[in-house]
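Reviewing the structure listed below.
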Amino acid sequence: MKDKDKKLLSFKESWQTNLRAIKLFWHISPKGMLYRTLDTVWSALTPYVGIWLSALIIEELAGPRSPQRLRILILTALICAAFFSLISALLNKVRQVESTIQFFQMDALLSAKMLELDYHISDDPETRKLLSTIRQNMRGGGWGIQRVPDNFCSLLEAVFSLLGGLALTISLFISKVPKEAGSLAILNSPLLILLFLAGILTATALSSFLSTKADSYRALSSDIHNLSNRLFGYFGFLGQNKKLAADIRIYRQDQICKKYNNNKTDTFHSKGYFARLAKGPMGLYPAAATAVSILFLTGMVYLFVCLKAWAGAFGIGMVTQYIGAISRFSGSIGTLFGTAGSMRNNASFLKLIFDYLDIPNTMYQGSLSVEKRNDRKYEVEFRDVSFRYPGSSDYALRHINMKFKVGERLAVVGMNGSGKTTFIKLLCRLYDPTEGSILLNGIDIRKYDYQEYISVFSVVFQDFSLTDFTLGQNVASADTYEARRAELCLEKAGFGERLKELSSGLETYLGKSFSKEGVDMSGGEQQKIALARTLYKDAPFIVLDEPTAALDPIAEAEIYSKFNEIVEDKTAIYISHRLSSCRFCDNILVFHKGSMVQQGSHDRLVADETGKYYELWHAQAQYYNEQAQKAGQPA
Ligand code: ADP
């Protein structure tokens, strides 16, 4: 498929897509669109009043020269000009304010959609790529949704301007050249008038076509533009990336960037792709458009109007009126064609946005309530569960069968990539099993109301994330919270001493995004805060995926010693590849290459010399012994 075919939609499809986008804007921001509409209509019509009054003044000066009438005309022109400017300025201001909000609202709509999507869809690389392309189109080339209100206003302006221009120009065609004008009387011929109108239309259409053509090169180059923007954004701003600051200095990664920043043939450089386009078609087409507009359009209008005035069809004042009105009129036709072209160029970018907004959620949504049991007696069962990630041909989990009850301490161990995190994601219903089923108290978890079901889990994921809000808000995951309870959870999670050092306590911002006094927490401190967040939620199931990976040995030992106190009567599912930290669990599941190869207590598993657990345990024990020997300590 050629690039051109790939990008441009049919006229019908492009019109429907634009119409849907306009409706979306009216729905999201009715006030914004109303002010835009008023401002546009006002700006389209008011210049004609000025043109009309100027014509009357010149007519008066060239004709009767009545001082009283001139005074009235000039005063009226001045008052009108002042009044129109005042209203324009006011409308423009409100329009600007509302327009800024409009784009935040559209951005928020895109983010909200991502949050509404089923986890497995939002996690799909295709979904992420689509949203990323949409945002790049918006930021890089200004394509997509932000063009919609501007195009809508351009259309409105063109239509109202056409109507205004028409009203002031009709008399040009009606007023007749007197018979005494001789051969110039041909200007009265309807055929000549038709030819004149057709000429204006053709020149305007040609000029607009040439402008739109230039714009279409930008649309067709959007992929290369986005890629270049991404490269430039990444390499150009590498120095500002806080995470990379140390590595860049040690490994001189900035050397790699030079290629992208200094090369003369770089896409954005003066000899690059876009510069070549600008010197070529993107520059030549608009130049040709201007030439056509001036030579043919303006030329024809001046010739026709001046000849009619010369032949005595109307006075000198009307020349200004007609030339002014026709210039605006033909400008409006130009805007009309230009906007239609811009809408068509933009339609394929809008389609991407609607493709994204229309992605349906496919996860089955049950309606059963999760029984709120005071005795917290919940039982979970995996019944022959197998799972493949979307788009992957390999199974991440195969035939998992297991049961556990609330109050138990369950450990899931295994090497990296053995399927431990996938097991948790299925349990929390971030994904549904490809085969088999998961049951809560004997009922398939798909039948429960989704929000209720996930409310029974509190998870610290391996790659957990905290927000840049306050410590208290992070612990409670809410704007307002019970301060004492948040403090207790932080103390339980081993953050008590650090909390005492923070002068703003729970009100301390994490990171500096929102406050200069914000504190950057270490990896271990963040992990403790994440643990406190799980405790604050007080759900019957606590899932900890490598919860101590970022902790120092003392902090880790402290957490384990208090583990029972931390978890209380809840079920703890504990994932780790550090086997020594799982010894206290009642039941240990051993995963290997997506299968559950063993299950049982530590003592039983370690006694089985042929088992995977034995192998892992001794491999780790040997490592720790060697470390201890190197440090000169008895093993
Ligand atoms: P573990 O937690 O034991 O390290 P995981 O459950 O993360 O293992 O991964 C199990 C398998 O599933 C691995 O082979 C991994 O590459 C694959 N996997 C994990 N996440 C995804 C994903 N989002 N898409 C495709 N494959 C994945």
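Summarising the amide proton neighbourhood of Gln462: residues at separation of 5 or more, or on other chains, whose placed amide H is nearer than 5 Å comprise Asp545. As a ratio to 2.2 N^0.38 Å, the alpha-carbon radius of gyration computed for the range 291-385 takes the value 2.74.
Keeping the other protein chains in place, figure out the carbon and sulfur percent of the accessible area of the chain, with a 1.4 Å probe.
Details: 19870 of 33220 Å².
Of all accessible area on the chain, carbon and sulfur atoms account for 60 percent.
What is the sum of charges, Lys and Arg at +1 and Asp and Glu at -1, for the other residues whose Cβ falls under 13 Å from the Cβ of Ala476? Value of the local net charge: -1. Each peptide among 593-601, 334-342 gets the average number of other Cβ atoms lying within 10 Å of its residues, and from highest to lowest they stand as 334-342, 593-601.
Take the Cα gyration tensor of the range 79-190, multiply each eigenvalue by 5, square-root it, and list the three semi-axes largest first, rounded to whole angstrom. Please list the in-between numbers first.
Numbers: eigenvalues 549, 89, 18 Å².
So the three semi-axes of the range 79-190 are 52, 21, 9 Å.
I need the shape label for the range 350-463. Rule: rounded when a/c is under 1.5, else prolate if a/b > b/c, else oblate, with a, b, c from the alpha carbon gyration tensor. Taking the square roots of the gyration eigenvalues as a ≥ b ≥ c, the range 350-463 is oblate. Rolling a 1.4 Å probe across the protein heavy atoms gives the chain an accessible surface of 52 Å² per residue. Computed over neighbours whose Cβ is under 12 Å from that of Thr133, the net charge equals +3, Lys and Arg +1, Asp and Glu -1.
Extension gain Asp479-Asn92, at 0.36 nm per residue separation less the Cα-Cα distance, in nm?
Working: separation 387, 0.36 × 387 = 139.32 nm, distance 3.63 nm.
Here the answer is 135.7 nm.
Taking the average, over residues, of other Cβ atoms within 10 Å as the packing measure, peptides 191-200, 61-70 rank 191-200, 61-70 from highest down.
Where does the range 1-150 land on the Kirkwood hydrodynamic radius, alpha-carbon pairs, in angstrom? Don't skip to the end; give the middle numbers.
On the way: mean 1/r = 0.0510 Å⁻¹.
Result for the range 1-150 stands at 19.6 Å.
For Lys351, the aspartates and glutamates whose Cα falls under 17 Å of its own Cα, not counting residues fewer than eight places away in the same chain, are Asp3, Asp5, Glu13, Asp107, Glu126, Asp223. For the range 412-421, the Karplus equation 6.51 cos²θ - 1.76 cosθ + 1.60, evaluated at θ = phi - 60°, returns couplings of 10, 10, x, 6, 4, x, 7, x, 5, 5 Hz by residue, with Gly and Pro reported as x. Among DSSP bridges having both ends in the chain, what percentage is antiparallel? Round to the nearest 5. If I count the DSSP bridges inside the chain, around 50 percent turn out antiparallel. Couplings 3J(HN,Hα) for the range 445-454, derived from phi with the Karplus relation 6.51 cos²θ - 1.76 cosθ + 1.60 (θ = phi - 60°), are 5, 5, 7, 7, 4, 4, 4, 5, 4, 6 Hz, where x marks Gly and Pro. Its convex hull of Cα atoms gives the chain a direction-averaged projected area, equal to a quarter of the hull surface, of 41.7 nm².
Rounded to the nearest 500, the 222 nm mean residue ellipticity of the chain from helices alone is -19500 deg cm²/dmol, with -39,500 (n - 2.57) taken per DSSP H run of at least 4 residues.
The values are calculated or read from the model by the stated rules, or taken from the named source; none is laboratory data. Bear in mind the structure is a predicted one, so any value in this text is a computation, not a measurement. Note: ideal-geometry Cβ built from the backbone for every residue, glycine included; neighbour counts use all protein chains shown. Surface accessibility is based on the protein's heavy atoms, side chains included, excluding ligands, DNA and RNA. Shrake-Rupley method; radii C 1.70, N 1.55, O 1.52, S 1.80 Å.
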